[in-house]
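Notes follow the structure.
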Amino acid sequence: MNIVVCVKYVPDATADQRFESDNTVDRVAVDGLLSELDEYAVEQALQIAEKNEGSEVTAVCIGPAQAEAAVRKALQMGADKGIHVLDDAIAGSDAVATSLILAEAVKKAGPADIVVTGMASTDGGMSVVPAMLAERLGLPQVTFASVVETQGDQIRAKRDGDTATEIIGATLPVVLSVTDQTGEARYPSFKGIMAAKKKPVETVSLGDLGIDAGQVGLSVAWTAVEDTTARPPRTAGEIVTDADGSGASALAGFLASKKFI
Amino acid sequence: MAEILVLVDHVDGNVRKTTNELLTIARRLGEPSAVYIGSGDAPADALKKFGAEKVYVVDDADIKGYLVAPKAEALAQLVEKTAPGAVLISSSAEGKEIAGRLAIKTNSGVITDAVDVQAGPVTTQSVFGGAYTVQAKVTQGTPIITVKPNAAAPEEVAGAGAVEAFAATISDAAKGAQIVNSQPRQSTGRPELTEAAIVVAGGRGTGGDFSAVDALADSLGAAVGASRAAVDSGWKPHAFQVGQTGKTVSPQLYVAAGISGAIQHRAGMQTSKTIVAINKDEEAPIFELVDFGVVGDLHTVLPALTAEITSRKG
């Protein structure tokens, strides 16, 4: 099976995330890493590959030079090869443009049986790219899967929606997005880390993918961020220590003052 | 004035509260037209009560068993026909996916998770776990905007509610992902987590015993939530999870009981209007967010609070 897993390099959520002067996310000066939610995608890609002998897993990533770290991490976990789309013209691309680049990069990895993604990125967090990718590739989408099963060319997934839990079925090829409920992602082993150094990562430009640079990037994005404002720090609240049962009545007093009770 | 399409979020014809919020927002932008994709009689009365001038009805008999893509296709055809000023969709997983596909189909920009939408339309989103707010707009095609629950207080304004059937043509390609089985979520008798005005959430500090959390929630008419730690421990199903990989909530009051307040959790509740926390650990990061905090054992504080609330109610 030819499995492609899309991975994103994101600013570390525990570090200071911030915007640049052009209102794009600072992806260069801030420490980054493979998005945690994409680790689950890599894990599911590897599990499907392990069940289907002769499978190959390609990790695809779009981003600045540092973003190769996300591909390397996927290779350390066990993916076979990587494609890194690197082009200055990409900076500031919105979800629509990202899905265009990703679709072409996925095609470059050969006709995929399954394209696996995470449920969302940990930075933008829109959750729309998997559906857009399915739309662009003309593939069925099996998304927000919390449990995944494949058998031959059939895939079944559990999807926990707002109002119902559904079982989704489709015939490969598909775009599959997985949630953090699919199970712990493996840690790279020492052997895996060593092996990853020898695995090929192809760096490609927009031109290599047949994409006109004028179709992507900040200046042609179909959405524009007008303004960004750091949230004012919450004014320090009142903290009481619950000595001899006074905590509950103090809290009740606060809730009453706010008219909640 | 331009039509504003509002995709009706409903369960078997029962309109969800978020739709009323979308109709209220649509009125700021133009003339609200509800789009009902479903079977049977459209809930036109419920929709016109909140200002729907038109109700487009797409019979879903042929597409109900398939995931997302057919709805996006139907909506795209309606966008082509009506040339609306904007399309508003609830910010659920499905809503966002419909929006994403619709954007590609109609060559339009898409904005998700708006917490406010004003004339323009200019949207407001909360990003980086609530650390920043962002104002944005769509600059290409038809603005497609998904809106979070509680982004507006629903206003009752009578609309004409003229019902118009719309026959969408659904391609076979859109029927690739089939819904083989669907189990409606069992009603807990409590408000839906993302819609609730008050949420009481429990975490690791409950030690797996949610009875005090549940009881407090019921005394306040609140929804119950849980941290990822509590869900991972199997104490509550994933549907209760508040945080980056669970639900994002923005209630009037959020009560965090035994939740330390990791960044991933904060991302799901930081925009709550009022936050209170009960935690044994005075160093817990959740206390940085609170309007009122109690350093103490939730197993004694919550029952005492519940009793006090019950007695105040008389």
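The values are calculated or read from the model by the stated rules, or taken from the named source; none is laboratory data. Keep in mind that this is a model prediction, so the values were computed, not measured. Because the Cβ atoms are built from the backbone with ideal geometry, glycine has one as well, and the counts that use them run over all protein chains shown.
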Item to complete: Being among the hydrophobic types (A, V, I, L, M, F, W, C) and either over 24 Å from the mean Cα position of the chain (by Cα) or more than 11 Å from chain A (Cβ to nearest Cβ) (or both) is the filter here, so list the residues in region B:178-199 that pass it.
Response: B:Val180, B:Ala196, B:Val199
Fill in: Number of positions in region A:22-39 that are crowded, with 16+ Cβ neighbours inside 10 Å and acidic (Asp, Glu)
3
Worksheet entry | Which listed residue is modelled with pLDDT under 95, hydroxyl-bearing (Ser, Thr, Tyr) and out of contact with any Ser or Thr (no Cβ under 9 Å at 6 or more places or on another chain), from B:Ser187, B:Ser182, B:Ser211, B:Ser250 | B:Ser187
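When you check B:Val157 against the structure, is it more than 23 Å from B:Ala257 (Cβ to Cβ), surrounded by 22 or more Cβ atoms within 10 Å (Cβ to Cβ) and touching a Phe, Trp or Tyr at 6+ places or on another chain (Cβ under 9 Å), yes or no?
So B:Val157 fails the test.
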Practice prompt. Please give the number of the condition B:Asp12 fails out of (1) surrounded by 22 or more Cβ atoms within 10 Å (Cβ to Cβ); (2) under 20 Å from the mean Cα position of the chain (by Cα).
Written response: (1)
Item to complete: Could you please find all residues in region B:74-84 being assigned to a helix (DSSP H, G or I) and crowded, with 23+ Cβ neighbours inside 10 Å?
Response: B:Ala74, B:Leu75
Practice prompt. Return only the number of the condition from (1) assigned to a loop (DSSP other than H, G, I, E, B); (2) among the charged types (D, E, K, R); (3) touching a residue at least 40 places away in the same chain (Cβ under 8 Å) that A:Arg234 does not satisfy.
Written response: (3)
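In region B:95-112, which residues are part of a loop (DSSP other than H, G, I, E, B) and facing another protein chain (nearest Cβ under 7 Å)?
B:Ser108, B:Gly109
To keep it simple, each residue is scored yes or no on (1) touching a helix residue (DSSP H, G or I) at 6+ places or on another chain (Cβ under 6 Å); (2) not hydroxyl-bearing (Ser, Thr, Tyr).
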| residue | (1), (2) |
| --- | --- |
| B:Gly208 | no, yes |
| B:Ser211 | no, no |
| B:Asp218 | no, yes |
| B:Arg228 | no, yes |
| B:Trp235 | no, yes |
| B:Tyr254 | yes, no |
| B:Arg266 | no, yes |
| B:Glu283 | no, yes |
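Which of the residues that make up region A:212-231 are within 10 Å of chain B (Cβ to nearest Cβ), modelled with pLDDT of 85 or more and in a loop (DSSP other than H, G, I, E, B)?
Pass one, region A:212-231, residues within 10 Å of chain B (Cβ to nearest Cβ): A:220-231.
Narrowing further to those that are modelled with pLDDT of 85 or more: A:220-230.
The answer is A:Ala221, A:Trp222.
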Discussion item. Residues that are within 9 Å of another protein chain (Cβ to nearest Cβ) and surrounded by fewer than 18 Cβ atoms within 10 Å (Cβ to Cβ): list the strands (runs of 3 or more DSSP E) wholly contained in region A:125-205 that include at least 2 such residues.
Written reply: A:164-171
Worksheet item: How many of the residues in region B:119-169 are in a loop (DSSP other than H, G, I, E, B), polar (S, T, N, Q) and within 13 Å of chain A (Cβ to nearest Cβ)?
Response: 3
Practice prompt. Look at B:Asn150 and say whether it is within 30 Å of B:Ile259 (Cα to Cα) and outside the structural domain of B:Ala262 (by TED's automatic domain parsing).
Written response: yes
Practice prompt. Evaluate region B:156-174: report whether one residue or more is on the phi > 0 side of the Ramachandran plot and touching a residue at least 60 places away in the same chain (Cβ under 8 Å).
Written response: yes
Worksheet item: Looking at region B:21-32, which of its residues are surrounded by fewer than 24 Cβ atoms within 10 Å (Cβ to Cβ) and within 14 Å of B:Ala158 (Cα to Cα)?
Response: B:Thr24, B:Arg27, B:Glu31
